[in-house]
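**Q** I have a structure I would like to understand better, so I am pasting it below and will then ask my questions one at a time.
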Amino acid sequence: MNLRRASLLLAAVLAGAAHANPAPFDLAGPTLEVKVTRGDKTLPATQVPDLAVGDRLWVKADLPSNQSAHYLLVAAFLSGSTNPPSEDWFLPCKTWKGKCAREGLSVTVPDGAQQVLVFLAPETSGDFRTLVGAVRGRPGAFVRTSQDLNQAELDRSRLERYLTSIRRLSETDPQALKETAPLLARSLAIKVEEKCLDRVPELQAPCLMQGQESLILNDGHSTSIVGALTAASDIDALMAASSTPQLGYGYYSPDIASVVDIARLMDSFRTAVYQYIPALASQRDDRFDLALNAAPSFNDPKSVLVVALPAIQPPRLPPLHAVDPKAVYCAGRADLVLPVEGAPLVFSTAYAHDLRLSLTGSDGKTVELPARADPAQGGYVIDTSALQTAAAAEPMRATLRGYWGFEPYQGPVFQLRTAHAAKWALAPEDESALVAGRKDTVHLQADSVSCVEGIALKDADGRELKAEWKPVNPNEVEVTVPLQDAQPGAMTLLVRQYGLDQAQAIPVQVFADAGRFDGFTIHAGDSQGVLKGTSLTDVASLSLGGLSFVPGDLSLRHAAGELPMVAKDAEAAAALKPDSATARVLLKDGRAFRLTATVAPPRPRASLIAKGVQLPDARLDSNIQLANEDELPQDARLTFSVRAQAPANFARDETVEVATADGSFSATLSLDNGGLRLEDARIAVATLYPAKAFGSSAFGPLQFRVSLNGAAGDWLPLATLVRLPALKELQCPAAAELPCKLSGADLFLVDSVSGDPGFDHPVQVPDGFPGTVLPVPHPGNGRLYVKLRDDPSVINLARLEAQPLPAVSDAVARAAADAASHTTPP
């Protein structure tokens, strides 16, 4: 093998791929009339996908009356690539005279034939014998030519149908291209660039028609490399090159062997009388319009047109199927379309003909409706006018029937319904879904939604607004309701159906915004849970697993957006087990919402064992003896012990939180910060320095709780935090009816003072008292009693001995006492 020559050949071929544009089949040739008779039935060949032995063919060339060149029409039957056909399988007809000119050529498909070609050869001496010798000498080349021409014609029919539809839409309705192009692509098995549909409508059509050679066909590509092929003596190099990307697709035929055969065939006859030009046959009504990719020559070598008729083979019915076999369609639609896919040729050729939709009702009666394939609508368009007078009982089973060539054809099966006054209702979960001021989505349900034509919203003023909708189930449609400018109140959804004059009305209620409900949480063992969300004051109740909860006391300490919900049956609620479920919130206006409810594990629990208070060593003596052991001086240290109850042992990350009753001050004690120490696994000792933890403004009842893994236990009382004034001296005059003088610091922390333990004659300390001296009653038994402002319920003893007041006149003493009692804050 001459490797150098093969390499040069391959390089030349690949260079041609980059620079040469293939010659398209864009030259109009003559027209052929072909009819096929099988038995007693005759069809135009445009409706016959496959021929059979015994078929009678009638072929006539439709040439102009002033045709100056005489064409010899020859029908030739082939029987495989390795079997030269018999000479009597070549049947000539002189188109310019005699019976052939008037009546055409009639032939019968012989037994054993597999392909049939029609040749149109210019008249010359020895024309018929030359053509017969060429075909018998190279039968394989003509067999491959027949196969490739047939495939190219079918592919071209799909492409032409696609391009014709795109051009028509571009001229008449560019806005529809985005919706129609995918349907065309599905019907005709055409590749559509999605990016084209993102362009403005005016630019979509040019984009969709670009790169036609990559949509389906390689028509014309094989002839673009004929020159390179006929110059090669080493065909093996080309056969190897056919597996490369450049020769595997694009500008080249998918099967290089066919191109080689045709090229060598043409090369073999360049010095003879004829050269052979393939002609693509396009179906038009009952005729074949021939298209050429090279201008015919009437000088030597003259051009012979080669036309392929359908192959002689068993029938192959189209694998057509419904896009959605479960869909239900409306028989009352005047524009009923049944979507199908899987067989592009039913859309691009006339092979499927006399199609009808056969409807059989539940009563057994059948109605036949005409059907027409429309790739732009993605299926078969059904003429339902006959149902106006002969409706079948529903539900109806519909089958697509007709003929594929001569063969009876039964296609996909569909389910059809007719419109009727159905019972429409909102889906239960959507009964409270419509909220004024926004778009909302609801679901309408009926026994069938296949005949819905449109849905509108009618407001209280009678105005109708079109609503967007789509079927989501055979018995349900999803409706997007435009409520942006609506006001709360009663409205109506109007459902219009094909075939019914009156719309059906579905009353709906539009509500104000109900806020948001994020979830409900209750711990096992509790009778009260927490509802989180917004607009919680609108909540009337909550139900969970047969238990009813009502709003609790909002005055209790809860975070913003939380509402305590108390079970009506506390015992049953406490028996709930950890789980996740769905709860239902009922609002005061009657609306109900579903939300997630969580029954969390039991909250941790602990009990108080004992507590102790230690005063600092260096402190200014308040001279007040606290009467209640629950009172905790602010500057003292509180040590208390707790016993774990649930869980039974303290966890490493368990904490103790101490806080004032209103939650304004709090501190967390843990093992990590040293505020908590374990005596053993079940007992912990906590230490709290109130002044350090809370500052100087905290007071009143303190409470504590244990927390673990984000869950907190119940609050338990701990102590009462009190701030103590410093009482320094008590001076009293000799006269018992005269007041004494109490001096000290932070006297505003004193609520009241009395000279008797029963507090029968108290003196109230003015609010915000800033002074250092207070007039107080004369102690009856030498002792003075005080109530602290931080805990006025307890009477405490002042540990001061009354000292005599220096002698002054009674008038001066009364004036001084009066001045002291009227001291007010600045």
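The values are calculated or read from the model by the stated rules, or taken from the named source; none is laboratory data. Quick caveat: nothing in here was measured; it's all calculated off a predicted structure. Glycine also receives a Cβ, built like all others from the backbone with ideal geometry; neighbour counts cover every protein chain displayed. Surface areas here come from the heavy atoms of the whole protein model, side chains and all, with no ligands, DNA or RNA. Shrake-Rupley method; radii C 1.70, N 1.55, O 1.52, S 1.80 Å.
**Q** Counting only protein heavy atoms and using a 1.4 Å probe, what share of the accessible area of the stretch 354-505 belongs to carbon plus sulfur, as a whole percent?
**A** Numbers: 3370 of 7470 Å².
Using a 1.4 Å probe with all protein chains present, the stretch 354-505 comes out at 45 percent carbon and sulfur.
**Q** OK, next. So if we plug the beta-carbon distance of Ala176 and Glu431 into 1/(1 + (r/R0)^6) with R0 = 35 Å, what FRET efficiency do we get, rounded to 0.05?
**A** On the way: r = 38 Å, r/R0 = 1.09.
After rounding to 0.05, the efficiency reads 0.35.
**Q** What's the carbon and sulfur percent of the stretch 571-646's accessible surface, probe 1.4 angstrom, rounded to a whole number?
**A** Heavy-atom surface of the stretch 571-646 belonging to carbon and sulfur, 1.4 Å probe: 48 percent.
**Q** To continue, here is another question. Taking the square root of 5 times each eigenvalue of the Cα gyration tensor, what semi-axes in Å does the equivalent ellipsoid of the stretch 32-108 have, largest first?
**A** Gyration-tensor ellipsoid for the stretch 32-108: 23, 18, 10 Å.
**Q** Pulled fully out, how much extra length does the chain show between Ser541 and Ala736, if you take 0.36 nm times their separation in residues and subtract their Cα-Cα distance?
**A** So the extension gain works out to 63.7 nm.
**Q** What does the extension gain come out to for Lys365 and Leu615, with contour length at 0.36 nm per residue minus their alpha carbon separation?
**A** 79.7 nm
**Q** State the percentage of accessible surface on the stretch 701-817 attributable to carbon and sulfur atoms; use a 1.4 Å probe and exclude ligands, DNA and RNA.
**A** Values: 2950 of 5390 Å².
Within the stretch 701-817, the accessible surface is 55 percent carbon and sulfur.
**Q** While we're on this one: Roughly how many Å² is the accessible area per residue of the stretch 423-484, as a whole number, for a 1.4 Å probe?
**A** 51
**Q** Let me ask another. Show me the ranking of peptides 674-685, 375-386 by mean Cβ neighbours inside 10 Å, starting with the highest.
**A** Result, highest mean first: 375-386, 674-685.
**Q** I would also like to ask the following. Keeping every protein chain present and rolling a 1.4 Å probe, give me the accessible area per residue for the stretch 542-628 in Å².
**A** 58
**Q** Still on this structure: Under 37 °C and 0.692 mPa s, how fast does the stretch 465-515 diffuse according to Stokes-Einstein, given a Kirkwood radius computed over C-alpha pairs? Answer in µm²/s, whole number.
**A** D, rounded to a whole number, is 257 µm²/s.
**Q** When each pair of different Cα atoms in the stretch 19-176 is counted once in the 1/r mean, what is the Kirkwood radius in angstroms, to one decimal?
**A** 17.9
**Q** Under 10 Å from the Cβ of Gly780, count the other residues' Cβ atoms, weight Lys and Arg +1, Asp and Glu -1, and hand me the total.
**A** Charge balance in the 10 Å sphere: -1.
**Q** With all pairs of different alpha carbon atoms counted, what Kirkwood hydrodynamic radius in Å does the stretch 313-364 show?
**A** On the way: mean 1/r = 0.0740 Å⁻¹.
So the Kirkwood estimate lands at 13.5 Å.
**Q** For Thr596, Thr660, what's the largest-to-smallest order of accessible area, 1.4 Å probe?
**A** Thr596, Thr660
**Q** Rank by packing, highest mean first: peptides 417-427, 338-348, with packing defined as the count of other Cβ atoms within 10 Å averaged across residues.
**A** Peptide ranking by packing, descending: 338-348, 417-427.
**Q** List, largest first, the extents of the alpha carbons of the stretch 269-314 along their principal axes, each in whole Å.
**A** On the principal axes, the stretch 269-314 reaches 39, 24, 14 Å in Cα extent.
**Q** Let me ask something else. Taking the full set of protein chains and a 1.4 angstrom probe, give the accessible area of Trp58 in square angstrom, rounded to the nearest 10.
**A** Using a 1.4 Å probe on the heavy atoms, I get roughly 60 Å².
**Q** Which order do the peptides 320-328, 60-68 take when ranked by the mean count of other beta-carbon atoms within 10 Å per residue, highest first? Write out the running numbers ahead of the final one.
**A** Values: 320-328: 14.1, 60-68: 12.3.
Per-residue Cβ counts within 10 Å, averaged per peptide and sorted highest first, yield 320-328, 60-68.
**Q** Okay, next question. Can you compute the FRET efficiency between Arg594 and Arg397 using 1/(1 + (r/R0)^6), with r the Cβ-Cβ distance and R0 = 51 Å? Round to the nearest 0.05.
**A** Plugging the Cβ-Cβ distance into 1/(1 + (r/R0)^6) gives 0.85.
**Q** Regarding the stretch 667-759, what is the average projected area of its C-alpha convex hull, in nm²?
**A** With every direction weighted equally, the projected area is 9.8 nm².
**Q** Given R₀ = 60 Å, what would the calculated FRET efficiency be for Ala651 paired with Val381, taking r from the Cβ atoms and rounding to 0.05?
**A** After rounding, the FRET efficiency stands at 0.25.
**Q** Here is the link list: Lys97/Lys302; Lys423/Lys588; Lys178/Lys439; Lys532/Lys577; Lys326/Lys458. Which ones come out longer than 24 Å on Cα distance?
**A** The answer is Lys423/Lys588; Lys178/Lys439; Lys326/Lys458.
**Q** Using only the Cα atoms, work out Rg/Rh for the stretch 496-540, with Rh taken as the Kirkwood radius, to two decimals.
**A** On the way: Rg = 20.3 Å, Rh = 14.8 Å.
Taking Rh as the inverse mean 1/r over Cα pairs, Rg/Rh reads 1.38.
**Q** Please give the solvent-accessible surface of Cys93 in Å², to the nearest 10, using a probe radius of 1.4 Å with every protein chain present.
**A** My reading of the accessible area for Cys93 is about 10 Å².
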